[in-house]
1. I need every pair where a residue in the stretch 29-43 that is under 12 Å from K18 (Cα atoms) has its Cβ under 9 Å from the Cβ of a residue that is in a helix (DSSP H, G or I) and open to solvent by 20 Å² or more (accessible area, probe 1.4 Å), sequence separation at least 6 or different chains.
2. Mind checking which residues of the stretch 81-113 are open to solvent by 80 Å² or more (accessible area, probe 1.4 Å) and more than 28 Å from R45 (Cβ to Cβ)?
3. Residues of the stretch 28-44 being open to solvent by 60 Å² or more (accessible area, probe 1.4 Å) and part of a helix (DSSP H, G or I), which ones?
4. Kindly list the number of the only condition in (1) open to solvent by 90 Å² or more (accessible area, probe 1.4 Å); (2) more than 22 Å from H106 (Cα to Cα); (3) at pLDDT below 85 that fails for L170.
5. Can you tell me which residue within the stretch 131-162, out of those that are among the hydroxyl-bearing types (S, T, Y) and surrounded by 14 or more Cβ atoms within 10 Å (Cβ to Cβ), is modelled with the lowest pLDDT?
6. (1) assigned to a loop (DSSP other than H, G, I, E, B); (2) at pLDDT below 80; (3) surrounded by 13 or more Cβ atoms within 10 Å (Cβ to Cβ): which one isn't true of S2, the others all being true?
7. State all residues of the stretch 82-122 that are modelled with pLDDT of 90 or more and aromatic (F, W, Y); if no residue qualifies, say none.
Amino acid sequence: MSKQCAKCGGKIGLTSYKIKDKQIVCGNCMKKAGYGMTTPYKIIRSLNLEDLDKGPSEKRKLNISDYTTQNNHDIGNDRMRTTEEMVEFCLKYGYGKGMTKKWTTHHFNLISDQLNSDEYVIFCFVGLHNYISSTKHDNNYAYALTNKRLIVAQQKMIGNNVQSIILDNLNNISKKEEYCWVH
């Protein structure tokens with residue numbers, strides 16, 4: 001017996017999403033609604049079927065503000081300076097799935113050590129670096145957008161790797177979306 005999409009009634013395929021109240025929605029309905037693989041897990045889990053009928057900009061604004069109001073927090077309004085603040089931000093908003101808190105802390109510790117006295121982090125996350133495929137990438141790095149630059153760091157078993165780009169020199173960021181098996 002195949003499962004059906006709670007929104008359109010169609011068959012659930014490889015790209016399905018579990019939303020609020022454990023309802024499952026197909027990838028096509030989520031895409032039409034403006035959500036996808038890059039949408040944070042906590043936002044998707046907070047959606048209900050009525051949210052999928054709203055315009056994409058209205059939905060995202062509604063869901064993020066609803067979520068942040070509950071937590072008395074606005075994404076992007078933080079001025080993070082410590083490792084602990086960055087790790088907490090990622091854990092709270094789901095920007096670092098698949099990482100242990102220990103390694104996330106190691107990566108963000110490198111970033112906090114790089115911050116100048118007048119510099120602060122606006123947004124941060126943990127993700128795969130130089131991703132080509134599920135087996136070809138440079139593993140997880142911590143990323144931090146500060147008021148002055150983008151800092152990317154990875155703590156290794158032996159040594160580390162830290163890169164930074166001054167915002168004035170940042171001219172191209174691209175996103176590659178691939179599909180994976182989602183149950």
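The values are calculated or read from the model by the stated rules, or taken from the named source; none is laboratory data. Please read all numbers here as calculations on a predicted model, not as lab measurements. Methodologically, a virtual Cβ is constructed for each residue, glycine included, from the backbone with ideal geometry; neighbour enumeration extends over all protein chains shown. Remember, those area values only see protein heavy atoms, side chains included, never the ligands or the DNA or RNA. Shrake-Rupley method; radii C 1.70, N 1.55, O 1.52, S 1.80 Å.
1. Short answer, once both residue conditions are applied: K42/Y67; K42/K92; I43/R60; I43/I64; I43/Y67.
2. Within the stretch 81-113, R81, D113 qualify.
3. Those that are open to solvent by 60 Å² or more (accessible area, probe 1.4 Å) and part of a helix (DSSP H, G or I): N28, K31, K32, Y41, K42.
4. Result: L170 passes all but (1).
5. Initially, the stretch 131-162 is screened for residues among the hydroxyl-bearing types (S, T, Y), giving 131, 133-135, 141, 143, 146.
Next, only the ones that are surrounded by 14 or more Cβ atoms within 10 Å (Cβ to Cβ) stay: 141, 143, 146.
Details: Y141: 83, Y143: 88, T146: 92.
Residue satisfying both the conditions and the ranking: Y141.
6. (3)
7. Residues satisfying the conditions are F108, Y120.
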